[in-house]
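The values are calculated or read from the model by the stated rules, or taken from the named source; none is laboratory data. Because the structure is predicted, anything quoted here is derived from the model rather than measured. Glycine also receives a Cβ, built like all others from the backbone with ideal geometry; neighbour counts cover every protein chain displayed.
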Amino acid sequence: MKIGIPKEIKPSENRISLVPAGAAALVSAGHTVLVEKGAGLGSDFSDEQYKSVGAQIAKDADAVWAAADLVVKVKEPIEPEWNRIRPGQIIFTYFHFAANESVTRAHIASGAVCIAYETVELPSGELPLLTPMSEVAGRMAVQEGAKYLEHLHGGRGILLSGVPGVPPGKVVIIGGGVVGVNAAKIAAGIGAHVVMLDTSLERLRCLSDVMPANVQLIYSNRHNLLEQINGADLVIGAVLVHGAVAPRLLLREDLALLRRGAVVVDVSIDQGGCVETMHPTTHENPTFIVDGIVHYGVANMPGSVPLTSTLALTNATLPYVLQLADKGYRQALRESPPLLKGLNICAGRITHRKVAEAFGLEHHPAESLIG
């Protein structure tokens, strides 16, 4: 199979979907790997490194898309890439369809086979291809929040850790999944007062065994959420509903409970966001202010630490890329229930129920389309 690795073109997206070691594995398995010229430079991987393991360097994106049977990316194809997609072409990447109708309709029209990293799901419920980037984003959420709490950036001008004689800042994390846990680790580690809310009592019991003493675990409901954000310095939205649009939990009227100059970081923005006043931002213009509250809504946070993110992501994705390349998508999906859950769109039909429901479109069971 011919596997294409185009350069990511979303703003400030420096990751690449395949490292040289992954290219070596695919070439050793008998496949052709086409890497767009310069695609790895943002992650500190040179064309020569890819060539040295047997990959071919394509002169531009058109050449990659035209030749590839399987296109492996980091982020969803955006409008300049849509006319390059061929019917039947397999695209394996983060899509987040339920949060973007135009992207969804473009991929329906393309006739491509769209397999989304974020909905590949193990029997345990774990999302193995979302987890590594959630770990990065959760840790970065505190790092970015701390930065924008600085007065220079419009924040309150406080240090989350406090210092002897001065109390630490209060961090409220909405959601106890992978993002929330990683955010809590970092916030607690620097000495902040941390509150984490989640709707699962089972999850809260589990976290109570591993979280440090300065992380307070609270059952999430509307009353408790409002009580905990009252006076908060940093609020992190870490809510995920598999494949669906994130629920709006923090409303505009709730911002009045935060301290003026507080920061809200919505890691759920890829799936539409859990903060009513949030909209996607970029690394170039990461924040905006609503009612005196600094909003941070960068939708590809891990893209600013591309070397770490690329290595973490490709560690997880390569086994699935090998399955698709070795077996073709139909056999690979038939033999791998987790990978089958990743199929979102196939030959013009939506195969993921949550995506179909998001836009009132018809859902087609994936099994009916792969034979």
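Data for the structure
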read-out: Breaking point among (1) under 25 Å from Val245 (Cα atoms); (2) buried (at least 22 other Cβ atoms within 10 Å of the Cβ); (3) in contact with a Leu (Cβ under 8 Å, 6 or more places away or on another chain), for Pro338; value: (2)
read-out: One residue from Ala347, Ala325, Ala299 being at pLDDT below 95 and outside the structural domain of Ile236 (by TED's automatic domain parsing); value: Ala347
read-out: Residue in region 304-319 that is surrounded by fewer than 21 Cβ atoms within 10 Å (Cβ to Cβ), among the small types (Gly, Ala, Ser) and under 22 Å from Gly169 (Cα atoms) present; value: no
read-out: Restricting region 104-124 to residues that are surrounded by fewer than 20 Cβ atoms within 10 Å (Cβ to Cβ), in contact (Cβ under 8 Å) with a residue 60 or more places away in the chain and not in a helix (DSSP H, G or I), the residue that is nearest to the chain's Cα centre (by Cα); value: Leu122
read-out: Val265, sole failed condition from (1) in contact with a Leu (Cβ under 9 Å, 6 or more places away or on another chain); (2) surrounded by fewer than 24 Cβ atoms within 10 Å (Cβ to Cβ); (3) of a type outside the set (Gly, Ala, Ser); value: (2)
read-out: Checklist (1) over 22 Å from Ala332 (Cα atoms); (2) in contact with a Lys or Arg (Cβ under 7 Å, 6 or more places away or on another chain); (3) crowded, with 24+ Cβ neighbours inside 10 Å; (4) among the small types (Gly, Ala, Ser) applied to Ala68, failing item; value: (1)
read-out: In region 72-103, residue farthest from Met278 (Cα to Cα) [restricted to those that are among the hydroxyl-bearing types (Ser, Thr, Tyr) and surrounded by 16 or more Cβ atoms within 10 Å (Cβ to Cβ)]; value: Thr93
read-out: Top-ranked residue in region 1-41 [being in contact with a Lys or Arg (Cβ under 7 Å, 6 or more places away or on another chain) and at pLDDT below 95; ranked as surrounded by the fewest Cβ atoms within 10 Å (Cβ to Cβ)]; value: Lys10
read-out: Of all residues making up region 248-285, the number that are touching a residue at least 12 places away in the same chain (Cβ under 8 Å) and farther than 23 Å from Ser102 by Cα; value: 17
read-out: Elements of type strands (runs of 3 or more DSSP E) contained in region 1-85, each with 3 or more residues being among the hydroxyl-bearing types (Ser, Thr, Tyr); value: none
read-out: His295 being in a strand (DSSP E or B) and within 24 Å of Asn182 (Cβ to Cβ); value: yes
read-out: Residues located in region 7-59, provided they are among the charged types (D, E, K, R) and under 17 Å from Val74 (Cα atoms); value: Lys7, Glu8, Lys10, Glu13, Arg15, Glu36, Lys37, Asp44
read-out: Any hit, region 42-57, residues being within 20 Å of the chain's Cα centre (by Cα), closer than 30 Å to Pro286 by Cβ and surrounded by fewer than 24 Cβ atoms within 10 Å (Cβ to Cβ); value: yes
read-out: Thr277, sole failed condition from (1) more than 14 Å from the chain's Cα centre (by Cα); (2) outside any loop (DSSP other than H, G, I, E, B); (3) hydroxyl-bearing (Ser, Thr, Tyr); value: (2)
read-out: Test: residue in region 196-205 that is hydroxyl-bearing (Ser, Thr, Tyr), touching a Gly at 6+ places or on another chain (Cβ under 6 Å) and assigned by TED's automatic domain parsing to the domain that holds Val241; value: no
read-out: Lone unmet requirement of (1) in contact with a helix residue (DSSP H, G or I) (Cβ under 9 Å, 6 or more places away or on another chain); (2) assigned by TED's automatic domain parsing to the domain that holds Val71 for Ser268; value: (2)
read-out: Residues of region 252-274 satisfying the condition of being within 23 Å of the chain's Cα centre (by Cα) and assigned to a loop (DSSP other than H, G, I, E, B); value: Gly272, Gly273, Cys274
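Matching residues to (1) crowded, with 24+ Cβ neighbours inside 10 Å; (2) over 23 Å from Met196 (Cα atoms); (3) free of Cβ contacts under 8 Å to residues at least 60 places away in the same chain:
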residue: Val136; (1), (2), (3): no, no, no
residue: Val142; (1), (2), (3): yes, no, no
residue: Leu159; (1), (2), (3): no, no, yes
residue: Val163; (1), (2), (3): no, no, yes
residue: Gly169; (1), (2), (3): yes, no, no
